[in-house]
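For reference, the structure discussed in these notes is given below.
Only the coordinates and a few stated rules stand behind these numbers; no lab work does. None of these values were measured; they are calculated from a predicted model. Don't worry about glycine lacking a Cβ; one is built from the backbone with ideal geometry, like all the others, and counts go over all protein chains shown.
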Amino acid sequence: MSGFEMIIQQSINGLMLGMMYALVAVGFTLYFGVLDLINFGHGDFFMLGGFMALVMYMLGEVLGLGDNIFMLILMFIGSMLLTAVVAIGTARLAIKPVMKAPMIISLLVTLGLGIAVRESVRLLYPLGANPQFFPTLLPQGDFTIGNVFIRYENLIILAIGILTILVVYYIINRTKMGSAIRAVAQDDEAAKMMGVNFNRTIDMTFLIGAAVAAIAGILFGLYYGRIQFNMGAIMGVIGFSASVIGGLGNVFGAIVGGILFGLMETLAAAALPIGSENKRVFAFLVVILFLIFRPNGILGEKTSERV
Amino acid sequence: MTEIGKHKLSGPLGVLAVLLLEAVLFFAVMAIFLIEGGWVLIAEIVVGVAILILLNRIPGIKTGLKAAFTAHKTIAIIGALVLLLLPPFLLVKSAYWLFVLINAVMFIIACLGLNLQLGSTGMMNLAGAAFMAFGAYTAGLLSLNAGWPSWATLLAGMLVTGLFSIILFIPVLKTKGHYLALVTIAFQFMVVILVENVEFTGGPQGLKNIPYLTFFGYSFNEAINLGFITLHKYANYYYFVLLLAIVVALVCYRIYRSWVGVTVATIRDDEVAARTNGVRINYWKLVIFVLGNCFIGLSGAFFAHLIGFISPPNFVFDRSLVMVSIVILGGMDNVFGIILGSILLITLPEKLRFIQEYRFLIYGLLLIIMLIFKPKGLIPFVPRDYKDLLTKAKSKLTAPAAKNAGGEQNG
């Protein structure tokens, strides 16, 4: 395998990972735009999505569905809905009361929310503390181009990811709900005066964010074959990093940032002599450097405060 | 009403009031350790918190007691010191709870450091556990590999942590708000991953058999035999960590009362306004960031010697979260709040072991509820009283003038 082919091979792996990061990052950027807060519990919505899909899988087995496309559809739709319901509920109960509070308070509340969601899954899911095996539902097999292996799975995951991004893009830019979200993000007072239902817009933001995170959780399960109750914490940090790299508040930026983060991790593991465990150290280092030199991200709007 | 309270409590009645209040406070805290039944404990804490909130609502009692404390300062200090000597005697039968108490006092040191950054200066630091790791691993490695004496390892743990915090200082200075939070979280994760994967830290196995503290031939590993009672060896650690905590608390309190405290408070409240008024923001941020991390590192170094075995899970992000929660729930920029917060947040999870499984869930929910309903913490921040600072400053201004006048006369 030549050096170039290895880079391509690693990039494909990085793209898989990056797609999941991107989907999580979309949520961060949406919440930040609409509510001006970082939801550190968002990584746990990602995890919840994976577990809800497993619950749906059990339901499907009770209903007599085999391991087929209908099962997959049931898992996706059921998990997205259930995760969104949890997200909207928690947002109404816990996040909205601290919306105008100092940043440190909202930060701790959302972190506490993440703990509550994580622990609930551990306690309520049967044997929830152990890693859970995720059913193999995507067609197996692979083909090669030159020396580069491509699995069918990879293509399907990529396709689902791109489709999700397109749908989100459509909702945000072409629907009434999307324009309400954009209006509140720009200026919530003015939006309220123009008759935008503020509370409903917040609900919708959490619906979109959580449903997209749930998709990422299911893709993670399908790709790695297992999920664990505590995988949301690190995913939250990565998703937040990705949305910052791309520019907070910018949906397209979040996707770029997520894919960049995924590529950075896999390529660093392959190319740098630092060992694969330290790939994340490299990625976080890049994030910190980014914050020093381009705090507004790649696509973020420029703000400044001068004396 | 306030005036009457003041008048009465500054007489001999005040001595009684001061000592009584101290004793009540002390035994209320000790009761947390001594009470066995979980529900009784919860009842005690609910009552205690209710009393605290009530005290904050009725200004007369508070000012009266404050006056009594200032009038009988020496007695109050002696009384408090005597009470603080008692815990090893009270907990003579349960070494484990003495150990938990030591842990709580250790966290007071770390959280006072964090409070300097977060509460006084408004610098977010979610990498507290990472800085604790620097202190702990420095102390551990130096005592294991180089055979340094305890006083040197503790000092080195503190200073090395301060040095390492300079690495993070440029990103900390350049970022604000959410971005600063992200920088420190990223740093926290980086440190834990590195410690797990680097060889000289022992990787996931950590460092074992770190020697216990020994000061000039006095070993902390032996029980204290007083003739009528034999105290567990942890009593040594308790008195030592208590001494450290008192020193750190005094330093923090002096900073709070000085112009430095006022200066950094302006940075916290409005950075732009502070800069326009000539506050050297970068300088003070550096001083506070390094000093705060030194305290965190000191408590980490103590931790390494206390338990003798450190590994990466001791320093994960959850620990940083606990430290920040202590500062917020106790009360920002408030030494007494930090003390109360540390004792509650370190001890309660241990006491709540009877609800084992649900511990963290309840912790998360309580955190949310407290922050929504009491965002200012158990002992809220009180607006600063500038009076004595101003009189001091004025006397300083007039003193050189008097000197000059004297000089002229002589000439």
* Asked: Simple spin-label model, 7 Å along Cα-to-Cβ: A:GLU61 to B:ASP388 in nm?
  -> 7.0
* Along Cα→Cβ, 7 Å out, is where each label goes; now give me the distance between the ones at A:ILE162 and A:MET194 in nm to one decimal. => 3.3
* Scanning chain A for helices, which whole DSSP H stretches are 27 Å or more long along the axis (Cα) and average 0.0 or more by Kyte-Doolittle? -> A:3-35, A:42-63, A:69-90, A:103-124, A:152-174, A:198-224, A:251-271
* **Cα-derived Rg to Rh of the protein assembly as shown, Kirkwood definition** => 1.01
* Structure fact -> Phi-derived 3J(HN,Hα) across segment B:249-259 with the Karplus relation (6.51, -1.76, 1.60, θ = phi - 60°), rounded Hz, x for Gly and Pro, is 5, 5, 4, 5, 5, 4, 4, 4, 7, 9, 5
* Asked: If you build the Cα gyration tensor of segment B:67-150 and take the root of 5 times each eigenvalue, what three semi-axes come out, in whole angstrom, biggest first?
  -> 30, 23, 13
* Net dipole in debye of segment A:162-233 [+1 Lys, Arg Cβ; -1 Asp, Glu Cβ; about Cα centre; nearest 20] -> 220
* Values of log10 I(q)/I(0), in the order q = 0.06, 0.11 Å⁻¹, for chain B under a Debye, Cα-only, solvent-free model -> -0.27, -0.91
* Just name one of B:THR201, A:TYR125, B:TRP39: the one whose Cα is farthest towards the positive end of the charge dipole of the protein assembly as shown (beta-carbon charges, Lys/Arg +1, Asp/Glu -1). => B:TRP39
* Per residue of chain A, what 222 nm ellipticity follows from adding -39500 (n - 2.57) for every DSSP H run with n ≥ 4, rounded to the nearest 500? -> -24500 deg cm²/dmol
* Structure fact -> segment B:141-157 scanned against label point 7 Å out from B:ASN209 along Cα→C-beta; backbone N under 20 Å for B:141-150, B:153
* Structure fact -> Reduced to Cα centres, the span from segment A:25-80 to segment B:32-96 in Å works out to 48
* Asked: Taking the radius of gyration and the Kirkwood hydrodynamic radius from Cα positions alone, what is the Rg/Rh ratio for segment B:258-376, to two decimal places?
  -> 1.04
* **Which listed pairs, of B:LYS62/B:LYS394; B:LYS176/B:LYS376; A:LYS100/B:LYS374, have C-alpha distances above 26 Å, in listed order** => B:LYS62/B:LYS394
* Asked: Cα convex hull of segment A:94-187: mean projected area in nm², to one decimal?
  -> 11.2
* **Stokes-Einstein D for segment A:164-307, Kirkwood Rh over Cα pairs, 25 °C, 0.890 mPa s (µm²/s)** => 143
* Asked: Counting other Cβ atoms within 10 Å of each Cβ, which trypsin sites (Lys or Arg not before Pro) in segment B:263-350 have at most 14 and sit in a DSSP loop?
  -> B:ARG280
* Asked: Mind checking the log10 I(q)/I(0) for segment B:1-140 at q = 0.14 Å⁻¹? Debye, one equal scatterer per Cα, no solvent, two decimals.
  -> -0.95
* For chain A, with a Gaussian network of springs between Cα atoms less than 10 Å apart, report the residue from A:GLY141, A:GLY236, A:GLY49 with the top mean-square fluctuation. => A:GLY141
* Asked: Give me the log10 of I(q) over I(0) for segment A:24-78 at q = 0.18, 0.23, 0.31 Å⁻¹, as the Debye formula computes it from C-alpha points; what are the numbers?
  -> -0.65, -0.80, -1.11
* Asked: Share of Cα-Cα pairs in chain A beyond 37 Å, in percent?
  -> 15
* Structure fact -> Rounded to the nearest Å, the spacing of the alpha-carbon centers of segment B:132-146 and segment B:215-273 is 20
* Can you tell me the order of A:251-257, A:42-48 when each peptide is scored by its average per-residue count of other Cβ atoms within 10 angstrom, highest first? => A:42-48, A:251-257
* **Full-extension gain in nm, B:ARG57 to B:ASN221, via 0.36 nm per residue minus C-alpha separation** => 54.4 nm
* Asked: How many angstrom lie between the C-alpha centres of segment B:349-395 and segment A:110-185?
  -> 38
* Asked: Roughly what would the spin-label model give for B:LYS233 and B:GLU357, points 7 Å off Cα along C-beta, in nm?
  -> 3.7
* **Difference of contour (0.36 nm per residue) and Cα-Cα distance, B:ALA31 to B:ASN277** => 83.7 nm
* **For the protein assembly as shown, size of Cβ-based charge dipole, Lys and Arg +1, Asp and Glu -1, in debye** => 1980
* Asked: Ratio of segment A:140-208's C-alpha Rg to 2.2 N^0.38 Å, to two decimals?
  -> 1.74
* Once the Cβ-Cβ distance between A:LYS176 and B:VAL47 is put in as r, and R0 is 56 Å, what FRET efficiency do you end up with, to the nearest 0.05? -> 0.60
* To do: Over the alpha-carbon set of segment A:8-152, divide Rg by the Kirkwood Rh and report the Rg/Rh ratio to two decimals.
  => 1.04
* Of B:GLY203, B:GLY292, B:GLY364, which has the largest mean-square fluctuation in a 10 Å C-alpha GNM of chain B? -> B:GLY364
